[in-house]
Amino acid sequence: MPRPRRTAVIGAGIAGLAMARELRREGIEVVVFEKGDDLGGTWNYDPRIDSDPTGLEPTREVVHSSVYLSLRTNLPRQIMGFVDYPFREDEDGDRRTFPGHKEVLRFVKEFAEEFGLRGLVRFGSEVVRVERVGTGLWLVEWKTKRSEEVLVSKEMFEAVVVCNGHFTQPRVPTIPGIEKWPGYQIHSHNYRVPETFRDKVVVIIGFAASAFDISRDVAKVAKEVHVASRSSEVMVMKVPNHDNIWQHKMVKYVTEESLVAFEDGSSIHADVMFYCTGYTYHFPFLETNGIVTIEDNRVGPLYKHVFPPSLAPSLSFIGLTEKDIIFQMTDLQCKWVARVLSGKVQLPSEKEMMASVEEYYQQMEKNGYPKHTTHHLHFKEVEYCNWLAAEAGLPPVEDWKERMYVESIKSVFSMKDNYRDQWDDAYWDAIIKEASLSKCRI
Ligand SMILES: Cc1cc2nc3c(=O)[nH]c(=O)nc-3n(C[C@H](O)[C@H](O)[C@H](O)COP(=O)(O)OP(=O)(O)OC[C@H]3O[C@@H](n4cnc5c(N)ncnc54)[C@H](O)[C@@H]3O)c2cc1C
């Protein structure tokens, strides 16, 4: 494919902004379509929630962000910067190592201003169709609203980069009896403040970071909080240092008398079923004639989680991988894609890319990783970033970032309350200082 003249980027979260910066650096004209009216994607806290709190009703009105009011980052700010643009403290901002969401938004906006990216974004423009047309171009159709009037417009692009985020479309487990259970159901996508749950008995399903944080937040006002999980690691117990939080095995069934029975044999009567059960990938605008599919949360086939081999390089996806050093990884993916589009880096042949995808799937199967974890990096987060960095002509991720990432993941999984405020800043400051001194010495 010849170097594209114009590229469409869908979304102005960190992925879309980083992509726009890299494309422009490569001299490629870029248009960023953003359905919201501001930059920052999920970091734009929005007090509104979807019209269906479970997020399952297909015709519901959707709010993009899943951020709740008390949210603080679960990674230290030192590894939440872009590769060449650190997340520095702002004198007037939230200077904590694990800052609140407002501070992340401030940083993302600062990044956009620094590189003059705002002017590349068409706000209030929701992409509703992306389709390859006979000429090898991509037709992008988007809608804009002016008061009550909806305008639909079309434009052709030589390449499209999908950066629409994947924390908006909830995934919810099937629970026997739930259709008749009379309580209130909600997915964490629609959680904002604990007040709704005052004096309620709340069952939270999930065992990852959001279930941990939200259970502690809700427990401040709820009567009881019962966290249930499929995880084999869950210990059935009353959680130490909390008067009103219990852990259980998964919910076995529920009844119309509001009973919730757990697989550990215990049961309670509850008011709220709260799903902290993750999200599914969702590209409602994308038409590829079945070339790109989503099956059991596997977007495929994608070479290195980015390029569908038979449509590469004119179609790509940024930020699909999960559980990694997100800002660094996203930025590196963007640098790689921009270099591929500019012709500086060649992709392998379609056949070779397909073989690589197949090999990855086989490896997953051999290791017993379920299909829905296709875009988890399975402890190879840094290896993946280093591969991207090499493709982008950059050095590998700094050793201290890798160590800090590993340590912060351990902290998250330690499930200790206040792990963020127990972080040893002095220790890490010394490590970073030593690393930068040794860089100078080289
Ligand atoms: C609750 C929560 C906590 C998190 N905590 C952390 C953390 O501590 N550290 C960390 O590194 N990461 C964290 N993350 C991950 C976070 O999602 C990523 O850091 C990152 O912000 C994702 O950026 P993105 O640009 O890929 O997607 P998003 O930020 O979701 O941006 C996508 C953009 O695309 C737009 N869009 C979507 N569809 C369309 C369309 N059809 N047309 C036009 N525009 C469209 C959306 O409006 C949005 O602006 C968290 C995520 C959540 C949900």
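Derivation of every value follows stated rules applied to the coordinates shown; laboratory data play no part. Remember, it's a predicted structure, so these values are computed and weren't measured experimentally. Positions of Cβ are generated from backbone atoms using ideal geometry, with glycine treated the same way; all protein chains shown enter the neighbour counts.
Below are the figures for this structure:
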quantity: Of MET364, MET273, MET250, the one that fluctuates the most in a GNM where the chain has Cα springs shorter than 10 Å; calculated: MET364
quantity: Relative contact order [Cα under 8 Å, 6+ residues apart], the chain, whole percent; calculated: 17 percent
quantity: Gain in span if fully extended, TRP387 to SER258, counting 0.36 nm per residue against the direct Cα distance; calculated: 41.3 nm
quantity: Value of relative contact order over the stretch 178-275, rounded to a whole percent, pairs C-alpha under 8 Å and six or more apart; calculated: 35 percent
quantity: Prolate/oblate/rounded call for the stretch 178-275, Cα gyration tensor, a/c under 1.5 rounded; calculated: rounded
quantity: Percent of beta bridges antiparallel (DSSP, the chain, rounded to nearest 5); calculated: 45 percent
quantity: With Cα atoms, 0 to 90° folded angle of helix 350-366 axis to the chain main axis; calculated: 20 degrees
quantity: Bridge type composition, the stretch 178-275 - antiparallel percent by DSSP, nearest 5; calculated: 30 percent
quantity: Shape category assigned to the stretch 241-400 from the gyration tensor of Cα positions, a/c cut at 1.5; calculated: prolate
quantity: DSSP loop trypsin sites (Lys or Arg not before Pro) with at most 16 other Cβ within 10 Å: longest gap in the chain; calculated: 231-322
quantity: The chain, Rg to Rh (Cα coordinates; Rh as Kirkwood inverse mean 1/r); calculated: 0.97
quantity: Long pairs among LYS238/LYS416; LYS102/LYS304; LYS102/LYS380; LYS154/LYS344, criterion Cα-Cα beyond 21 Å; calculated: LYS102/LYS304; LYS102/LYS380; LYS154/LYS344
quantity: 0 to 90° range, to nearest 10: angle between helix 101-114 axis and the chain longest Cα axis; calculated: 10 degrees
quantity: Nearest-ten-degree value, helix 209-219 long axis tilted from longest Cα axis of the chain; calculated: 40 degrees
quantity: Cut-off 12 Å between beta-carbons: net charge of the residues surrounding TYR281, Lys and Arg +1, Asp and Glu -1; calculated: -1
quantity: Charge sum, other residues only, whose C-beta stays under 13 Å from ALA338's C-beta, Lys/Arg counted +1 and Asp/Glu -1; calculated: +2
quantity: For CYS334, CYS385, order by how many other beta-carbon atoms lie within 10 Å, fewest first; calculated: CYS385, CYS334
quantity: Three-way shape label, the stretch 65-124, alpha-carbon gyration tensor, a/c 1.5; calculated: oblate
quantity: Excluding exposed DSSP-loop GluC sites (Glu not before Pro) (at most 10 other C-beta within 10 Å), longest clean stretch of the chain; calculated: 258-442
